[in-house]
C-alpha cells in the first residue's frame, strides 16, 4: 500500500487486527526485515510496517531526512489508517524515529521498544564518522553498503550468517545514494532523548547485544539505569532480529501483549 506525504509516495503494509503495533526498520534496511515476525505478531495484533524515507519502496524528500521528518511520515500513515494509539518497536535508526514520534505525538503512543538502538545523541566522534560515511557512500556506494552491513553483525557471526548478510546487502543496494546520505545526515543531527525515554509512563523496553559493533553495550546499559525500563540482553551483535531471532520473537511478543 502507498500514500502521499509531502509529494512523495510512502510504502506501508497493514496486517491483522487488534492492538496497533508499528514496526520501524533501521538504516540500510526496509520493512521486509520484519517478514519472519509478522505471521507471529499479527495473530492477535494489528501490525503496521513502513518503509522509511529513502528506504525500500519509499522515496526521498530533500537531502536531510531528520528523525522528526520520518516521525511525521509515520504519523501520516497512522492518520490514514485511522489509528489513534500504537506501540512502536524500532530497530537502530527506527528507534531514533520512534523516539522522535514519542516526543511529537505523546498522546498517540502506549509503548516503546528500542531494538539495538539508543536514546542518546551522536557523540562528536560519531558525528565525524557519519561525515566520513557520507563521503564514502558518495565515492563508492556499493563498497560502503557492503562493508556497513557486514559490520553490523558480531564478528564471530559473520560467517554463520553469510547468506543473511548477502540478503540484507541485496536490499540495501537498491537504495538511492540520496536516501543513504539523507539518513546519515538525519541521524547525525538527531536530539538526545534519554530524558524522554527514561521518564515517560508507558511501558518501555530496550534490546541490546553485548557484541554490538555499532553501540557500546556498557554505555547503553548505564544510560538505561531507570528501573522502569525492561532490558533484554543478547550475547551477539546489532542485528538481533537475525542473530537472536527466536529469543527476540519471544521477548517482543511478551512485551506487546503484557
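Read-outs throughout are calculated quantities, based only on the coordinates presented, and are distinct from any laboratory measurement. Values in this document were obtained by computation on a predicted structure and should not be read as measured data. Every residue, glycine among them, receives a Cβ derived from its backbone with ideal geometry; neighbour counts consider all protein chains shown.
Here are the numbers for the structure shown:
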read-out	value
Rg/Rh for the chain, where both radii come from Cα atoms and Rh is the Kirkwood radius	0.93
Label-point separation, residue 2 to residue 203 (7 Å along Cα→Cβ), nm	3.6 nm
Fully extended contour minus Cα-Cα distance, from residue 228 to residue 124, at 0.36 nm per residue	34.5 nm
Sorted by Cβ neighbour density within 10 Å, fewest at the top, the residues 96, 63, 202	63, 202, 96
Cα→Cβ-extended label distance, 7 Å offset, between residue 217 and residue 36, nm	2.0 nm
Gained length - residue 210 relative to residue 138, 0.36 nm times residue gap less alpha-carbon distance	22.8 nm
Theoretical gain in end-to-end length, residue 245 to residue 17 [0.36 nm per residue, Cα-Cα removed]	79.7 nm
Choice from 247, 72, 29 showing the highest fluctuation, given a GNM over the chain with Cα pairs closer than 10 Å	247
FRET efficiency, residue 79 to residue 44 (Cβ-Cβ, R0 25 Å, nearest 0.05)	0.55
